[in-house]
Amino acid sequence: MDSHYWDIAAKVFGDKATPAEEEALRQWLAQNPEHQQQFEAQQQLWLATAPAPAAAVDTDAAWAKVNAQLKPQQAKVVPLYRQLWRVAAAVVLLVGIAWLARLYFMPYYGLQVVESGDTRMTVTLPDSSQVWLNKGSILAYDPDFDGTQREVHLEGEAFFEVTHNPQQPFVIKAGDSRTQVVGTSFNLRAYPREQTVELAVATGRVAFTSTKTTTQAIVTPGFEAILDRQSQRITKYESEDENTWAWKSGSLKFDGESLKELLPALERYYGVTLRLQGPDLGNCRFTGTFREAELQEVLQVLEASLQVEITRQNDHTYTLAGNGCR
């Protein structure tokens, strides 16, 4: 490990690093996975060798207290210095964990951060805008909104209902995209593990831009836009599928859609892969509504109504087989 970054790491372990030093170390760690391994190795070395703060400990009093609690028949006594080493190691470990957590959220330092975890939740922003967060999402925003624009950061999926304010545009940074509105409602999906950022507009007018190029699309109700993170190309297309934000209401609605058309909505909602086996199976049409239904319930209904056989391949993949429809 480079001596310069070891010096910074030592300051971090001792909670004495400046914000600039923390940022320099964060960038160095991001450059190469080996840097992270070297850092973790040095952290273990620090835990094993860091001196205990003996000056702050009254060893005589501490030993007397420990000795008084020992039973006469106890033959095995753990030396005090070992206990102090353990305490010191635990303190250093906690400091290291706290710093790593802070490092992880460094892009959002000073912002209000909300994580949805395994649940869906609603967030009210300082300007009274409403945000519905899907599972596994992170929203970060200025707790005051006192700048020239209302800026938020999103990792995951959210439905926004933005309070109208032409003097202070509302900006969302998600993935490699920048979305700007003054007052509208729309769904934005930008999970870090996915290769696209997807925008669907319910009301109003939205400017959807790649942050790495000058590519931009103006999206209105009835249209969706997808940003490919690799090519940075934005594709805009017509769509009136309200199931795009079905996760928000918990209701999936189908009105004569073919299997080929409705499977993407099910895949998106339940986070699974559904594969058709048979050239004509995708032509079969289905009408129905599912409200807060489990995946197995939906699959059972499709099996019964369309006479298909659904087989589970693994936790996230299912195949649909049958004679199909013409």
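Checking the structure you have, find out if any residue of region 212-221 is in contact with a strand residue (DSSP E or B) (Cβ under 9 Å, 6 or more places away or on another chain), under 22 Å from residue 271 (Cβ atoms) and not β-branched (Val, Ile, Thr).
The answer is no; no qualifying residue exists.
Does region 266-320 hold any residues that are among the aromatic types (Phe, Trp, Tyr) and closer than 25 Å to residue 156 by Cα, and which are they? Show your work before the answer.
Of region 266-320, the ones among the aromatic types (Phe, Trp, Tyr) are 269-270, 286, 290, 318.
Once the filter is applied, which keeps residues that are among the aromatic types (Phe, Trp, Tyr) and closer than 25 Å to residue 156 by Cα, region 266-320 yields 269, 270, 290, 318.
Go through the residues of region 282-289 one by one and say whether even a single one is closer than 24 Å to residue 134 by Cβ and not assigned by TED's automatic domain parsing to the domain that holds residue 123. Spell out how you get there, then give the answer.
Filtering region 282-289 down to residues closer than 24 Å to residue 134 by Cβ leaves 288-289.
Right, trim to not assigned by TED's automatic domain parsing to the domain that holds residue 123 and you get 288-289.
Looking for residues that are closer than 24 Å to residue 134 by Cβ and not assigned by TED's automatic domain parsing to the domain that holds residue 123, one finds at least one in region 282-289, hence yes.
Restricting to region 242-272, name every residue that is surrounded by fewer than 16 Cβ atoms within 10 Å (Cβ to Cβ) and not in a helix (DSSP H, G or I).
The answer is 250, 251, 255, 256, 258, 271.
Please go through region 155-211 and pick out each residue that is in a strand (DSSP E or B), under 14 Å from the mean Cα position of the chain (by Cα) and free of Cβ contacts under 8 Å to residues at least 60 places away in the same chain. Lay out the reasoning, then the answer.
Of region 155-211, the ones in a strand (DSSP E or B) are 155-161, 170-174, 177-181, 185-190, 196-203, 206-210.
Applying the additional criterion that residues be under 14 Å from the mean Cα position of the chain (by Cα) yields 155-158, 173-174, 188-190, 197.
Passing the criteria: 155, 156, 158, 173, 174, 188, 189, 190, 197.
Out of everything in region 120-154 that is of a type in the set (Gly, Ala, Ser), under 18 Å from residue 197 (Cα atoms) and part of a loop (DSSP other than H, G, I, E, B), what residue ends up being modelled with the highest pLDDT? Steps first, please.
Here is the first cut: in region 120-154, the ones of a type in the set (Gly, Ala, Ser) are 128-129, 136-137, 140, 147.
Filter once more, keeping what is under 18 Å from residue 197 (Cα atoms): 136-137, 140.
Those still in the list that are part of a loop (DSSP other than H, G, I, E, B) too: 136-137.
Working: 136: 91, 137: 94.
Among those that are of a type in the set (Gly, Ala, Ser), under 18 Å from residue 197 (Cα atoms) and part of a loop (DSSP other than H, G, I, E, B), it is 137.
Any chance you could count how many residues in region 211-249 are in contact with a Lys or Arg (Cβ under 6 Å, 6 or more places away or on another chain) and more than 17 Å from residue 181 (Cα to Cα)?
Number of matching residues: 1.
Which of the residues that make up region 239-297 are touching a Cys at 6+ places or on another chain (Cβ under 9 Å), more than 25 Å from residue 314 (Cβ to Cβ) and small (Gly, Ala, Ser)?
Answer for region 239-297, where residues must be touching a Cys at 6+ places or on another chain (Cβ under 9 Å), more than 25 Å from residue 314 (Cβ to Cβ) and small (Gly, Ala, Ser): just 258.
Take region 168-194 and flag every residue that is of a type in the set (Gly, Ala, Ser), crowded, with 24+ Cβ neighbours inside 10 Å and farther than 21 Å from residue 246 by Cα.
Passing the criteria: only 177.
Looking at (1) outside any loop (DSSP other than H, G, I, E, B); (2) crowded, with 16+ Cβ neighbours inside 10 Å, which one does residue 293 not meet, given that it meets all the others?
All conditions are met except number (1).
Would you mind finding the one in 274, 306, 259 that is in contact with a Pro (Cβ under 9 Å, 6 or more places away or on another chain), farther than 24 Å from residue 219 by Cα and either of a type outside the set (D, E, K, R) or at pLDDT 90 or above (or both)?
Values: 306 fails: in contact with a Pro (Cβ under 9 Å, 6 or more places away or on another chain); 259 fails: in contact with a Pro (Cβ under 9 Å, 6 or more places away or on another chain).
Testing whether each residue is in contact with a Pro (Cβ under 9 Å, 6 or more places away or on another chain), farther than 24 Å from residue 219 by Cα and either of a type outside the set (D, E, K, R) or at pLDDT 90 or above (or both) leaves just 274.
When region 215-241 is examined, which residues are found to be among the charged types (D, E, K, R), in a loop (DSSP other than H, G, I, E, B) and under 19 Å from residue 204 (Cβ atoms)?
240, 241
The values are calculated or read from the model by the stated rules, or taken from the named source; none is laboratory data. Quick caveat, the model's predicted, so the values are computed rather than measured. Every residue, glycine among them, receives a Cβ derived from its backbone with ideal geometry; neighbour counts consider all protein chains shown.
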